[in-house]
There are 4 protein chains.
Amino acid sequence: MVLLDFSMSPMGKGESVAPYVARCLEVIAASGLDYRLHSMGTTVEGEWDQVFAVVQRCFEALRPDCDRISCNIRVDYRKGNVRRIESKVKHVEELVGRPLKGGGAS
Amino acid sequence: MVLLDFSMSPMGKGESVAPYVARCLEVIAASGLDYRLHSMGTTVEGEWDQVFAVVQRCFEALRPDCDRISCNIRVDYRKGNVRRIESKVKHVEELVGRPLKGGGAS
Amino acid sequence: MVLLDFSMSPMGKGESVAPYVARCLEVIAASGLDYRLHSMGTTVEGEWDQVFAVVQRCFEALRPDCDRISCNIRVDYRKGNVRRIESKVKHVEELVGRPLKGGGAS
Amino acid sequence: MVLLDFSMSPMGKGESVAPYVARCLEVIAASGLDYRLHSMGTTVEGEWDQVFAVVQRCFEALRPDCDRISCNIRVDYRKGNVRRIESKVKHVEELVGRPLKGGGAS
């Protein structure tokens, strides 16, 4: 399974790009994959093909009216079918031994 | 104000690096800055000096026993004193018009 | 056209991952796309589908013996068919007005 | 020693940000540290403090007229005083066993 965290935005569309991020989130939510939006990107969980297909659909959603698009992607693949989008955070919280902001207990 | 999202981990310490991430989270939580842990990194909010000082302290916390360390950082600076670690997510959720995973309503 | 810069490496294979990077470079060179290896990654130029297919083939080349793989990707899409893998660097060098390390004149 | 690869650009300044990249390269070249400009960023080599100080000076160079700035940073720390900005590339090229684009022989 793959956790893919990405941030995609147009250049040349001014300082505020939230409408374009919203368009991507429509695509992500429609994918059926598990995801988490956070302040610096969105994490999607699935197989390699699935998560990269979501990134590509976001790109296709922006391309019609965006002549330049930047994207930054972090990928963490781990063999097996274990889902980790919540468990990674909880495991760190357990190791620290008290609630963390963003953790399961917060 | 700056939002800095980063992921730091040692190489050569095996596949599971959660104990090192936990060590970083101790440093981050002790900084007094607002932060959010997520499955692919941690976002810290503050002035440029403050957020980069936290990254450096995490590095110093790993260095004694880690001979190779990788780090990936995404920075979003916006002029002014407005805090955005929660508002960016809520703004996207408002634009989409329904609850998003990771959003304020979830 | 898309410039995609990426760094991919296994976790849990020790501190030195150059053999895995070399395996990826075999894949990249075989793709027929223009590319540049540098000390912190490799940049590949092509259409969106083409450059991401190369990243996926690198992943497939590592997967048989790597149970955890990290990857970081930076993407710069610009509408049109203009190739930029060399021209972006030269343009910056012209603006600075003297040779830069990594620039066309160095 | 640390290899730090980064890409910094303003948002809200239009599609073409080369003048801002050029301003950063002036700062980087003036630092005295070894560096390489490439089409998707610039890699700087030095101690942790030194390379992050360069990133901060680039930020300070853009801040007067840029109200929003994005930055993406990849860091590779390895214990010891060995410089790697050229040797990492050459080592991969040796492992592949033929010239690579961007490699020492190209």
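The values are calculated or read from the model by the stated rules, or taken from the named source; none is laboratory data. Model, not experiment: these values are computed from the prediction. Every residue, glycine as well, gets a Cβ built from its backbone with ideal geometry; the counts of neighbours run over all protein chains shown. With ligands, DNA and RNA removed, areas are computed over all heavy atoms of the protein, side chains included. Shrake-Rupley method; radii C 1.70, N 1.55, O 1.52, S 1.80 Å.
Any idea what the B:Pro19 label distances to the other copies are, label 7 Å down the Cα→Cβ vector, nm, shortest first?
Ordered by distance, the counterparts are at 2.6, 5.2, 5.4 nm.
Using the alpha-carbon atoms, what tilt in degrees (0 to 90, nearest 10) does helix B:48-62 show relative to the longest principal axis of chain B?
30 degrees
Just counting partner chain Cβ atoms within 10 Å, what average do the residues of peptide A:48-61 show around their Cβ? Intermediate values should be presented prior to the final figure.
Values: counts 6, 1, 0, 0, 6, 1, 0, 4, 3, 0, 0, 5, 1, 0.
Mean partner shielding for this stretch: 2.
For the rotation bringing B onto D, which B residue has its Cβ nearest the axis, and at how many Å?
Nearest to the symmetry axis by Cβ: B:Ile73, 2.
In square angstrom and rounded to 100, what buried accessible area do you get between chains A and C, total over both, with the probe at 1.4 Å? Walk me through the numbers before you get to the answer.
Values: alone 7240 and 7240 Å², together 12310 Å².
Protein heavy atoms only, the A-C interface buries about 2200 Å².
Can you give the mean number of other chain Cβ atoms that lie within 10 Å of the Cβ atoms in peptide B:74-83? All intermediate terms of the calculation are to be shown ahead of the outcome.
Working: counts 10, 10, 10, 12, 8, 6, 1, 0, 0, 0.
The per-residue average across the peptide is 6.
Quick one: angle between helix A:18-30 and the longest Cα principal axis of chain A, in degrees between 0 and 90, rounded to 10, please.
Roughly 60 degrees between the two axes.
Taking the label point as lying 7 angstrom from Cα along the Cα-to-Cβ axis, what are the distances from D:Glu94 to the corresponding position in the remaining copies, in ascending order and in nanometres?
3.9, 4.4, 5.8
Using unit Cβ charges (K, R positive; D, E negative) and no other charged atoms, how large, in debye to the nearest 20, is the dipole of the protein assembly as shown about its Cα centre?
For this selection, approximately 0 debye.
Given the options C:Glu45, C:Glu60, C:Glu93, which has the most mean-square fluctuation in a GNM of chain C, springs set between C-alpha atoms less than 10 angstrom apart?
Maximum fluctuation in the GNM of chain C, among the listed residues, is at C:Glu93.
What order, most packed first, do the peptides A:62-72, B:80-90, D:33-43, C:67-77 have when packing is the mean number of other Cβ atoms within 10 Å of each residue? Spell out each step's value before the answer.
Values: A:62-72: 17.4, B:80-90: 14.5, D:33-43: 22.8, C:67-77: 20.7.
Per-residue Cβ counts within 10 Å, averaged per peptide and sorted highest first, yield D:33-43, C:67-77, A:62-72, B:80-90.
No partner Cβ under 4.7 angstrom, meaning no disulfide-compatible partner by this rule: which Cys of chain C qualify?
Here C:Cys66, C:Cys71 come out as lacking a disulfide-compatible partner, given the Cβ-Cβ threshold of under 4.7 Å.
Taking the Cα atoms only, what angle lies between the long axis of helix B:87-96 and the longest principal axis of chain B, rounded to 10 degrees?
It is inclined by approximately 50 degrees.
Report the Cα centroid-to-centroid distance between the range B:46-98 and the range C:50-106 in angstrom, as an integer.
Using only Cα atoms to place each centre, the spacing works out to 25 Å.
7 Å along Cα→Cβ for the label point: how many nanometres lie between B:Gly80 and each equivalent label in the other copies, listed shortest first?
3.3, 4.6, 5.0
Given the whole protein assembly as supplied and a 1.4 Å probe, what does the accessible area of B:Trp48 come to in Å², nearest 10?
10 Å²
For D:Asp67, what is the net charge nearby, where nearby means another residue's Cβ is under 15 Å from its Cβ and Lys, Arg count +1, Asp, Glu -1? Spell out each step's value before the answer.
On the way: positive: A:Lys13, B:Arg78, B:Lys79, B:Arg84, D:Lys13, D:Arg63, D:Arg68; negative: A:Glu15, B:Asp76, D:Glu60, D:Asp65.
Combined, the nearby Lys, Arg, Asp and Glu give +3.
Can you give the average number of partner chain beta-carbon atoms within 10 Å of each beta-carbon in peptide D:7-16, as a whole number? Intermediate values should be presented prior to the final figure.
Values: counts 5, 2, 3, 3, 13, 8, 4, 5, 9, 5.
Going residue by residue through D:7-16 and averaging, the value is 6.
Out of the total accessible area of the range A:22-106 (probe 1.4 Å, heavy atoms of protein only), what percent is carbon and sulfur? Provide the component values of the computation, followed by the final result.
Details: 1790 of 3580 Å².
C and S atoms contribute 50 percent here.
Might you tell me the accessible area per residue for the range C:1-98, computed with a 1.4 Å probe and given in Å²? Present the calculation step by step, with values, prior to reporting the outcome.
Working: 3730 Å² over 98 residues.
With all protein chains present, the range C:1-98 gives 38 Å² per residue.
Can you give the accessible area of B:Cys24 in Å² (nearest 10), computed on protein heavy atoms with a 1.4 Å probe?
Approximately 10 Å² of B:Cys24 is accessible to the 1.4 Å probe.
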